[in-house]
1. Could you say which residue among Gly158, Gly215, Gly176 is modelled with pLDDT under 95 and over 15 Å from the mean Cα position of the chain (by Cα)?
2. Would you check if there is a residue in the range 24-42 being open to solvent by 40 Å² or more (accessible area, probe 1.4 Å), outside any loop (DSSP other than H, G, I, E, B), closer than 20 Å to Ala115 by Cβ and at pLDDT below 95?
3. For the range 246-276, name all the residues that are surrounded by fewer than 15 Cβ atoms within 10 Å (Cβ to Cβ) and of a type in the set (Val, Ile, Thr).
4. Could you please find all residues in the range 198-225 being exposed (fewer than 15 other Cβ atoms within 10 Å of the Cβ) and in contact (Cβ under 8 Å) with a residue 40 or more places away in the chain?
5. Residues in the range 214-224: is at least one over 25 Å from Tyr78 (Cβ atoms) and of a type in the set (Phe, Trp, Tyr)?
6. Any chance you could count how many residues in the range 126-145 are closer than 23 Å to Pro265 by Cα and either open to solvent by 10 Å² or more (accessible area, probe 1.4 Å) or of a type in the set (Phe, Trp, Tyr) (or both)?
7. Taking only the range 137-152 into account, find how many residues are under 11 Å from the mean Cα position of the chain (by Cα) and closer than 17 Å to Pro6 by Cβ.
8. Output yes when any residue across the range 7-15 is among the hydroxyl-bearing types (Ser, Thr, Tyr), open to solvent by less than 20 Å² (accessible area, probe 1.4 Å), in contact with an Asp or Glu (Cβ under 8 Å, 6 or more places away or on another chain) and over 20 Å from Gly122 (Cα atoms), and no when none is.
Amino acid sequence: MPFPSPLLLVLDGNSLLHRAYHAYASDPIEDSDGRPVWALRGLVGYVARAAAQLRPDAIVVGFDCSVSSARRLEWDGYKAHRPEKPAPLSEQIAGAPELLRNAGVCVVVPPAYEADDVLASGAAAARRAGWRSVLMTSDRDAFALIDETTEVLRVRNGGFDEAVLIDAPGLVELCGVEAGQYRDFAALRGDPSDNLHGVRGFGAATAAKLLNAFGSVDEAWAALDRGDLRTVSDVVGDAPAGQLATSKDRVDRNRRLMRMRTDLPLPDLDAARLPLDYLTMRRALRARGINLGPSLWALVGNVPPQRVDDTTTPELQPWVFRRSLSSRRDPTPGQLSLF
């Protein structure tokens, strides 16, 4: 039996930091100097737990560039509606790349681009090298990157316990479209979090109907250009078809801004390999007031800690990866549950 291909785990540092910040904001943790660390601790926890579940051969964490944005230069409305971040969150975002680098983790902060682009470039690099990849994020944008070698581990409300690992068949069950159609799907539906409004009348269900019937939004536009409005109306209804006919510029803009770079320069995969040095990790984390030990086992090449008794804290317990339904919570069909 052939050995499985090596696995690269690529994490969206910004989305996971935001998720951890809000998850633990009601019980904020500070270091001895009074600096906030709860989102940083949550991020490291995500990395450690994902490593324990998936046993990757290498890990890369990407972060958004905080200095400039190529997408904002292309369209000044991109993310322009977002309020200023709370100071404790901004401080932890600013400190996260250095913390992880000091801990020995491979970190990429691409000039003018975002963590999403690191996910896309990491998946492409893994594919070229004959590796598999899992992309961990709380955003849906990465669904467009799913293929036979790439899966998305999406963290949702409820944290890691509610995360789902989505492959190509699972994406069809979840969204009703193939991965190659996902950017059209998202462009039609819109992404309010990025200030990218979709076509009026096109929610997820209507967008999926259109793409299942025509294959792509370009083919639907071609039908409209031929004067075949009725064919499109029969699929999505008269009002959405009329809106689609006048929304080409908006959808094209959305597709351009949603396209992720797959050619960013990344460190060689061997430079991101596990295991990391345990003492280096502990020293870096303690310098920021973060005390984690046994939960780092998968990152540093140790064996899983054993359950001692019912008082063992969750972070010290090994987590079981089940590719099946659970009696506790049934996932969306086609998804792979993580508990």
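The values are calculated or read from the model by the stated rules, or taken from the named source; none is laboratory data. In this text the structure is predicted, and so the values were computed from the model without any measurement. Because the Cβ atoms are built from the backbone with ideal geometry, glycine has one as well, and the counts that use them run over all protein chains shown. These accessible areas exclude ligands, DNA and RNA; they are computed on the full protein's heavy atoms, side chains included. Shrake-Rupley method; radii C 1.70, N 1.55, O 1.52, S 1.80 Å.
1. Result of the check over Gly158, Gly215, Gly176: Gly158.
2. Checked against the condition, which is being open to solvent by 40 Å² or more (accessible area, probe 1.4 Å), outside any loop (DSSP other than H, G, I, E, B), closer than 20 Å to Ala115 by Cβ and at pLDDT below 95, the range 24-42 yields no hits at all.
3. Of everything in the range 246-276, just one residue is surrounded by fewer than 15 Cβ atoms within 10 Å (Cβ to Cβ) and of a type in the set (Val, Ile, Thr), namely Thr246.
4. Of everything in the range 198-225, just one residue is exposed (fewer than 15 other Cβ atoms within 10 Å of the Cβ) and in contact (Cβ under 8 Å) with a residue 40 or more places away in the chain, namely Arg200.
5. There is at least one residue in the range 214-224 that is over 25 Å from Tyr78 (Cβ atoms) and of a type in the set (Phe, Trp, Tyr).
6. 11
7. Here the count works out to 1.
8. No, every residue in the range 7-15 fails to be among the hydroxyl-bearing types (Ser, Thr, Tyr), open to solvent by less than 20 Å² (accessible area, probe 1.4 Å), in contact with an Asp or Glu (Cβ under 8 Å, 6 or more places away or on another chain) and over 20 Å from Gly122 (Cα atoms).
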